[in-house]
Amino acid sequence: MRFLAPHWLLLVPFLAAVAWQWPGLRLTRPLRALLLLVLVLLLAGPEIRRHSDGLDLWILVDRSESADETLAPRLGEWEEILAAGRSADDRLFAVDFADSAVTRGAVLRAGAGGTDFAGPRGATRLPSAARHALAQASPDRSARLLALTDGHSTESLDGLAEELRARGMALDLRLAAEDHVAGLGRGDRRLHRLEVAELAHEDHVGILPQ
(Lines give C-alpha, C1' and ligand atoms only; values in the text may rest on other atoms or scores of the structure.)
Protein backbone atom coordinates (compact mmCIF):
# COMPACT_ATOMS: atom_id res chain seq x y z
CA MET A 1 0.00 0.00 0.00
CA ARG A 2 1.14 3.53 -0.71
CA PHE A 3 -0.26 7.02 -0.08
CA LEU A 4 -1.00 9.50 -2.86
CA ALA A 5 -0.74 12.48 -0.46
CA PRO A 6 1.55 11.31 2.38
CA HIS A 7 2.08 14.86 3.70
CA TRP A 8 -1.32 14.58 5.42
CA LEU A 9 0.23 12.00 7.78
CA LEU A 10 2.03 14.91 9.47
CA LEU A 11 -1.31 15.64 11.12
CA VAL A 12 -0.86 12.60 13.38
CA PRO A 13 1.94 14.05 15.57
CA PHE A 14 0.23 17.46 15.37
CA LEU A 15 -3.04 16.02 16.72
CA ALA A 16 -1.13 14.10 19.39
CA ALA A 17 0.48 17.36 20.51
CA VAL A 18 -2.92 19.10 20.56
CA ALA A 19 -4.42 16.28 22.65
CA TRP A 20 -1.55 16.54 25.15
CA GLN A 21 -1.61 20.36 25.27
CA TRP A 22 -5.39 20.69 25.65
CA PRO A 23 -6.72 17.65 27.47
CA GLY A 24 -10.11 19.30 27.71
CA LEU A 25 -10.72 18.46 24.05
CA ARG A 26 -10.70 14.80 25.09
CA LEU A 27 -9.04 13.73 21.85
CA THR A 28 -7.50 10.74 23.56
CA ARG A 29 -10.87 9.05 23.93
CA PRO A 30 -10.81 5.85 21.82
CA LEU A 31 -13.70 6.75 19.53
CA ARG A 32 -12.49 10.29 18.86
CA ALA A 33 -8.91 9.14 18.34
CA LEU A 34 -10.06 6.44 15.92
CA LEU A 35 -12.20 8.88 13.93
CA LEU A 36 -9.34 11.37 13.67
CA LEU A 37 -6.95 8.63 12.54
CA VAL A 38 -9.39 7.43 9.86
CA LEU A 39 -9.84 11.03 8.67
CA VAL A 40 -6.07 11.51 8.35
CA LEU A 41 -5.69 8.24 6.44
CA LEU A 42 -8.45 9.22 4.00
CA LEU A 43 -6.80 12.59 3.40
CA ALA A 44 -3.49 10.81 2.71
CA GLY A 45 -5.14 8.82 -0.10
CA PRO A 46 -4.19 5.19 0.56
CA GLU A 47 -3.77 3.07 -2.56
CA ILE A 48 -3.32 -0.68 -2.76
CA ARG A 49 -1.34 -1.63 -5.84
CA ARG A 50 -2.12 -4.97 -7.44
CA HIS A 51 0.73 -4.76 -9.96
CA SER A 52 4.43 -4.12 -9.67
CA ASP A 53 6.15 -1.12 -11.20
CA GLY A 54 6.73 -1.03 -14.93
CA LEU A 55 4.85 -2.29 -17.96
CA ASP A 56 5.17 -5.50 -19.95
CA LEU A 57 4.70 -4.80 -23.65
CA TRP A 58 4.04 -7.86 -25.80
CA ILE A 59 4.93 -7.04 -29.41
CA LEU A 60 3.08 -9.23 -31.91
CA VAL A 61 5.14 -9.23 -35.10
CA ASP A 62 3.38 -10.25 -38.33
CA ARG A 63 5.67 -12.64 -40.24
CA SER A 64 3.17 -13.72 -42.87
CA GLU A 65 3.94 -13.54 -46.58
CA SER A 66 1.44 -10.70 -47.04
CA ALA A 67 3.47 -8.50 -44.67
CA ASP A 68 6.83 -9.05 -46.40
CA GLU A 69 6.83 -5.93 -48.57
CA THR A 70 5.24 -3.52 -46.08
CA LEU A 71 6.38 -4.61 -42.62
CA ALA A 72 9.73 -6.35 -43.01
CA PRO A 73 11.67 -3.24 -44.17
CA ARG A 74 10.43 -1.26 -41.15
CA LEU A 75 10.59 -3.97 -38.49
CA GLY A 76 14.18 -3.46 -37.36
CA GLU A 77 13.75 0.29 -36.91
CA TRP A 78 10.44 -0.06 -35.04
CA GLU A 79 11.83 -2.63 -32.63
CA GLU A 80 14.91 -0.45 -32.03
CA ILE A 81 12.68 2.52 -31.14
CA LEU A 82 10.54 0.44 -28.77
CA ALA A 83 13.54 -1.12 -27.04
CA ALA A 84 15.40 2.17 -26.67
CA GLY A 85 12.33 3.99 -25.31
CA ARG A 86 11.50 1.65 -22.45
CA SER A 87 12.11 2.63 -18.82
CA ALA A 88 14.18 0.62 -16.35
CA ASP A 89 11.07 -1.15 -15.01
CA ASP A 90 9.52 -1.94 -18.40
CA ARG A 91 9.93 -5.25 -20.23
CA LEU A 92 9.45 -5.97 -23.93
CA PHE A 93 8.60 -9.38 -25.34
CA ALA A 94 8.38 -10.25 -29.03
CA VAL A 95 5.98 -12.84 -30.42
CA ASP A 96 6.46 -13.71 -34.10
CA PHE A 97 3.34 -15.08 -35.75
CA ALA A 98 1.86 -16.20 -39.05
CA ASP A 99 0.13 -19.60 -39.15
CA SER A 100 1.38 -20.11 -35.58
CA ALA A 101 2.85 -17.93 -32.84
CA VAL A 102 6.31 -18.29 -31.32
CA THR A 103 7.82 -16.27 -28.47
CA ARG A 104 11.17 -15.03 -29.67
CA GLY A 105 12.89 -15.80 -26.39
CA ALA A 106 14.60 -13.36 -24.08
CA VAL A 107 13.32 -9.90 -23.28
CA LEU A 108 13.69 -7.66 -26.31
CA ARG A 109 16.46 -5.07 -25.92
CA ALA A 110 17.88 -2.28 -28.04
CA GLY A 111 20.02 -3.70 -30.81
CA ALA A 112 18.30 -7.09 -30.84
CA GLY A 113 16.42 -6.51 -34.09
CA GLY A 114 14.16 -8.98 -35.88
CA THR A 115 14.98 -12.60 -36.58
CA ASP A 116 13.97 -15.00 -39.34
CA PHE A 117 10.68 -16.85 -38.90
CA ALA A 118 10.92 -20.54 -39.76
CA GLY A 119 7.25 -21.53 -39.45
CA PRO A 120 4.54 -21.63 -42.15
CA ARG A 121 3.70 -18.14 -43.39
CA GLY A 122 0.55 -18.58 -45.44
CA ALA A 123 -1.88 -17.18 -42.82
CA THR A 124 -2.08 -14.23 -40.45
CA ARG A 125 -3.54 -15.51 -37.19
CA LEU A 126 -3.53 -12.36 -35.08
CA PRO A 127 -6.05 -13.60 -32.43
CA SER A 128 -3.97 -16.75 -31.87
CA ALA A 129 -0.87 -14.61 -31.37
CA ALA A 130 -2.71 -12.40 -28.88
CA ARG A 131 -3.92 -15.42 -26.92
CA HIS A 132 -0.39 -16.85 -27.01
CA ALA A 133 0.86 -13.68 -25.30
CA LEU A 134 -2.05 -13.63 -22.83
CA ALA A 135 -1.18 -17.15 -21.72
CA GLN A 136 2.37 -16.09 -20.86
CA ALA A 137 1.72 -12.64 -19.38
CA SER A 138 2.45 -12.26 -15.66
CA PRO A 139 -0.77 -11.56 -13.70
CA ASP A 140 1.11 -9.38 -11.18
CA ARG A 141 2.36 -6.90 -13.79
CA SER A 142 0.57 -4.35 -15.95
CA ALA A 143 0.71 -5.36 -19.60
CA ARG A 144 -0.59 -4.47 -23.04
CA LEU A 145 -0.23 -5.83 -26.56
CA LEU A 146 1.11 -4.07 -29.65
CA ALA A 147 0.57 -5.72 -33.04
CA LEU A 148 2.91 -4.78 -35.90
CA THR A 149 1.01 -6.00 -38.95
CA ASP A 150 -0.29 -5.15 -42.39
CA GLY A 151 -3.81 -5.32 -40.93
CA HIS A 152 -5.08 -8.39 -42.82
CA SER A 153 -5.93 -11.06 -40.22
CA THR A 154 -7.05 -14.34 -41.76
CA GLU A 155 -8.53 -15.49 -38.45
CA SER A 156 -11.78 -14.25 -36.93
CA LEU A 157 -11.44 -11.70 -34.12
CA ASP A 158 -14.66 -12.88 -32.42
CA GLY A 159 -14.28 -13.14 -28.65
CA LEU A 160 -10.83 -11.56 -28.50
CA ALA A 161 -12.07 -8.21 -27.16
CA GLU A 162 -13.85 -9.93 -24.27
CA GLU A 163 -10.74 -11.92 -23.37
CA LEU A 164 -8.60 -8.80 -23.36
CA ARG A 165 -11.15 -6.91 -21.29
CA ALA A 166 -11.28 -9.73 -18.74
CA ARG A 167 -7.50 -9.47 -18.31
CA GLY A 168 -7.53 -5.66 -18.24
CA MET A 169 -5.20 -5.48 -21.25
CA ALA A 170 -5.36 -3.37 -24.39
CA LEU A 171 -4.36 -4.31 -27.93
CA ASP A 172 -2.81 -1.55 -30.05
CA LEU A 173 -2.24 -1.83 -33.79
CA ARG A 174 0.61 -0.32 -35.79
CA LEU A 175 -0.26 -0.86 -39.43
CA ALA A 176 2.48 -1.05 -42.04
CA ALA A 177 0.82 0.61 -45.02
CA GLU A 178 2.29 0.66 -48.50
CA ASP A 179 4.36 3.69 -49.43
CA HIS A 180 2.39 6.43 -51.09
CA VAL A 181 3.05 7.27 -54.71
CA ALA A 182 5.22 10.33 -55.07
CA GLY A 183 3.12 13.45 -55.54
CA LEU A 184 -0.06 11.94 -54.09
CA GLY A 185 -1.51 12.67 -50.66
CA ARG A 186 -2.84 10.07 -48.22
CA GLY A 187 -6.40 10.35 -49.49
CA ASP A 188 -5.57 10.72 -53.20
CA ARG A 189 -5.95 8.10 -55.89
CA ARG A 190 -4.30 7.70 -59.27
CA LEU A 191 -6.20 6.44 -62.33
CA HIS A 192 -4.25 3.68 -64.09
CA ARG A 193 -6.68 2.66 -66.83
CA LEU A 194 -9.82 4.05 -68.42
CA GLU A 195 -11.95 2.02 -70.76
CA VAL A 196 -14.72 3.68 -72.79
CA ALA A 197 -17.40 1.60 -74.46
CA GLU A 198 -18.26 2.11 -78.08
CA LEU A 199 -20.66 5.00 -78.45
CA ALA A 200 -24.12 4.12 -79.65
CA HIS A 201 -25.12 7.75 -79.25
CA GLU A 202 -22.98 10.76 -78.65
CA ASP A 203 -24.67 11.51 -75.33
CA HIS A 204 -24.12 8.05 -73.76
CA VAL A 205 -20.64 7.33 -72.42
CA GLY A 206 -19.90 4.29 -70.23
CA ILE A 207 -16.85 3.89 -68.00
CA LEU A 208 -16.07 0.29 -67.23
CA PRO A 209 -14.78 -0.53 -63.72
CA GLN A 210 -11.18 -1.65 -63.50
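Within the set ASP68, ASP90, the sole residue that is within 30 Å of SER138 (Cα to Cα) and of a type in the set (Asp, Glu) turns out to be ASP90. Whether a residue is at pLDDT below 85 and more than 23 Å from the chain's Cα centre (by Cα) was assessed, and ALA176 does not pass this test.
The values are calculated or read from the model by the stated rules, or taken from the named source; none is laboratory data. Here the structure is a predicted model, which means the values were calculated and not measured.
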